[in-house]
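Engineer: Let me give you the structure first, and then I'll get to my questions.
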Amino acid sequence: MGDFLPTFMEKTVALRRGGTLRLIDMGNPMGFFPAYYWTRLSLDGWEALSWNRKIKPEHFLRPEACLYCPAACHRPVKSGKFGVTVDLEYETVFAVGGLAAVKDAD
């Protein structure tokens, strides 16, 4: 058990740097991004939701984590005219973006 935390921290660097949103960039080209109400495995024009191209680190307020998790892969953003804080994660983006074919990150 003594090696778990150092190994976990080493293997989850990408999650700490970019959150689970980075899975959008990995999932679409590889065919594991649920889209069009589960009828496809990639979203046409997914680049508009891309971590590397559209969603920038400066949009995020701070990294957050689930209770006791050192990965801190949640990425809350303040958005909209009412300043609502939204926790953007892979699950949020695939459910609202991919499944409904919404490609506008705003």
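The values are calculated or read from the model by the stated rules, or taken from the named source; none is laboratory data. Predicted, not measured: the structure shown is a model, and the values here were computed from it. Cβ: placed from backbone, ideal geometry, glycine included. Neighbour counts: every protein chain shown.
Engineer: Farther than 16 Å from Glu89 by Cβ, of a type outside the set (Lys, Arg) and without any contact (Cβ under 8 Å) to a residue 12 or more places away in the chain: does that describe Gly45?
Structural biologist: No; evaluated as a whole, the condition is false for this residue.
Engineer: Suppose we keep only residues that are aliphatic (A, V, I, L, M) and touching a residue at least 40 places away in the same chain (Cβ under 8 Å) within region 8-35. Which one would you say is nearest to Ala72 (Cα to Cα)?
Structural biologist: Across region 8-35, the extreme among qualifying residues is Leu15.
Engineer: For the condition exposed (fewer than 13 other Cβ atoms within 10 Å of the Cβ) and modelled with pLDDT of 80 or more, what is the one hit in Cys73, Cys66?
Structural biologist: Criteria check complete, one pass: Cys66.
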